[in-house]
Amino acid sequence: MNVYRRELKFKYTSTIFWIIGVMLIIALSFSKFSIVDESQLGTMAAMVNTMPAVMKAFYGMSGLDISRISGYSAVIINFALIMIAIHGVFLGMSHIGFEKKNKTMDFIFVKPLTKREILKHKMLAGLTLILVFNLLVSAGTIISIKTLGSISNMFIIRMIISFFLTDLFFYSIGVLISVMSKKKKFGGIGASVFFMLYLLAVLSRMSDKIAFLAYTTPLEVLSGSNVVKGFNTIMLLIILLISIAVLYVSLNKIEEREIL
């Protein structure tokens with residue numbers, strides 16, 4: 001069976017569940033805003049302002065007015081980015097992890113193709129799933145936001161970019177982990193990388209003295225607050241280039257690894 005089609009066959013079901021799960025959580029989160037009246041929104045915003053800086057940083061509420069559609073949407077986007085990042089890193093790790101788990105490594109990697117070619121086809125399937133995942137999740141999020149009121153087109157464009165680049169970046173990290181790790185199970189490594197980058201994002205929001213940490217993690221560069229305010233274009237390009245570079249390195253390194 002064609003490696004690309006085989007990968008899509010084994011991954012599309014889990015991708016569908018991811019899409020449904022993320023869209024459902026986003027839709028339910030936005031529905032809470034629609035049932036709250038204006039006075040209650042003001043009370044919620046005042047309550048958020050009294051929260052400790054640590055809590056606001058942890059929940060991605062720093063500098064946001066949740067009584068406004070844009071501010072509330074930014075908070076939901078931050079939660080969505082967490083789910084999208086987890087989706088990306090575990091999808092990336094699954095290309096080799098799936099074969100190890102199902103003990104099919106000796107089957108898939110002895111085909112008349114090099115390990116590099118096999119991983120390339122698997123990555124093309126992964127990128128296809130990322131594209132479908134992001135198109136549907138973005139569409140569902142846009143519909144949810146539109147039910148609350150009008151929002152600028154630039155906000156929507158930035159949100160789509162945020163979702164896609166987050167998924168792509170963590171996907172590339174997941175692929176590299178699966179290629180470089182000598183362990184049979186490397187889910188813990190992927191989770192550790194995610195939590196480290198999330199912690200850097202939280203720390204960058206807590207004090208202006210360490211705000212520079214925002215440039216070390218895509219979870220802050222692509223955060224909901226930056227979807228509202230606007231992105232640093234150079235940082236977007238850096239994240240994209242890093243993702244491409246990591247995938248390229250993975251393709252080259254797999255030939256050097258003994259993965260059977």
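The values are calculated or read from the model by the stated rules, or taken from the named source; none is laboratory data. Just so we're clear, the structure is a prediction, and the values are computed from it rather than from any experiment. Reconstructed Cβ throughout: ideal geometry from the backbone, glycine too, with neighbour counts over all protein chains shown.
Among the residues of region 210-260, the one identified as surrounded by fewer than 17 Cβ atoms within 10 Å (Cβ to Cβ), among the β-branched types (Val, Ile, Thr), farther than 26 Å from residue 97 by Cβ and in contact (Cβ under 8 Å) with a residue 12 or more places away in the chain is 216. Residue count for region 176-209, restricted to those that are modelled with pLDDT of 85 or more, surrounded by 17 or more Cβ atoms within 10 Å (Cβ to Cβ) and over 22 Å from residue 59 (Cβ atoms): 6. Considering region 215-260, the residues that are assigned to a helix (DSSP H, G or I), among the polar types (S, T, N, Q) and over 20 Å from residue 72 (Cα atoms) include one that is nearest to the chain's Cα centre (by Cα), namely 243. When the criteria are applied in full, residue 98 fails the requirement of being of a type in the set (Phe, Trp, Tyr), in a helix (DSSP H, G or I) and either at pLDDT 80 or above or under 15 Å from residue 16 (Cβ atoms) (or both).
If the condition is being over 23 Å from residue 115 (Cα atoms) and among the β-branched types (Val, Ile, Thr), then region 161-205 contributes 161, 166, 193, 202.
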